[in-house]
1. Using every alpha carbon pair in the range 84-126, what percent of pairs falls into each 10 Å bin from 0 up to the bin containing the largest distance?
2. Ordered by residue, what ³J(HN,Hα) values in Hz, to whole numbers, does the range 15-30 give under the Karplus form 6.51 cos²θ - 1.76 cosθ + 1.60, where θ = phi - 60° and Gly and Pro are x?
3. Relative contact order, percent, of the range 9-124 when contacts are C-alpha pairs under 8 Å separated by at least 6 residues?
4. Compare the Cα positions of THR16, VAL77, THR89 along the charge dipole of the chain (+1 at Cβ of Lys, Arg; -1 at Cβ of Asp, Glu; about the Cα centre) and return the one farthest towards the positive end.
5. Tell me, which longest segment in the chain has none of the chymotrypsin sites (Phe, Trp or Tyr not before Pro) that fall in DSSP loops with at most 16 further Cβ atoms within 10 Å?
6. Using DSSP to call loops (not H, G, I, E or B), can you name the trypsin sites (Lys or Arg not before Pro) in the range 61-115 whose Cβ has at most 15 other Cβ atoms within 10 angstrom?
7. Nearest 10 degrees, 0 to 90: what angle lies between the long axis of helix 108-124 and the longest principal axis of the chain (Cα atoms)?
8. With the cut-off at 25 Å, tell me which of the pairs LYS74/LYS122; LYS5/LYS99; LYS15/LYS100; LYS40/LYS122; LYS5/LYS126; LYS51/LYS122 have Cα atoms farther apart than that.
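Please treat every number below as a calculation from the coordinates, not as lab data. Keep in mind that what you see is a predicted model, and the values were worked out from it rather than measured. When we count neighbours, we look across all protein chains shown, and the Cβ atoms used for this are built from the backbone with ideal geometry, even at glycine.
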Amino acid sequence: MAEFKIGDRVTAIYKTGKYIGEITEERPQHYLVRVLAVKKHPMQGDLHNPKSADVLVFHERRALAFREQANIPKQMVKHFEDEVPEYQTSLKEAINVMKKELNENPSEWAEMSLKMIDSLEKDYFK
């Protein structure tokens, strides 16, 4: 497993989202990563029943915010060498990719997810 140091630029998977960030602290099993951009927006709904609409609570899943820090398991962190995109631009692109995928999936889960994303967009891009 790659070793990282504070300040390294990385990609990090947190729950079902993927982010570009920088390491701010090393912990025994995790790296504390400060979010700089969004690679993949988190999936909507119940994490324990992915892509299912038949759940007790259909959760709205927000992307981590710009400069928000998250504890990421070490195995979910990889080196990132490219240019870091601007946060809002990366968030909009990640949402557009997700919406395109959801629109191609004729399911109740996709329909509910699109409603959640529409709501999140109103909040993200006021």
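1. 28, 50, 20, 2
2. 6, 10, x, 10, 10, 10, x, 10, 6, 10, 6, 10, 10, x, 10, 9
3. Reported relative contact order: 28 percent.
4. Among THR16, VAL77, THR89, the one farthest towards the positive end of the dipole of the chain is VAL77.
5. 1-65
6. ARG62, ARG67
7. Taking the Cα atoms of the chain, the angle to 108-124 is about 60 degrees.
8. LYS74/LYS122; LYS5/LYS99; LYS5/LYS126
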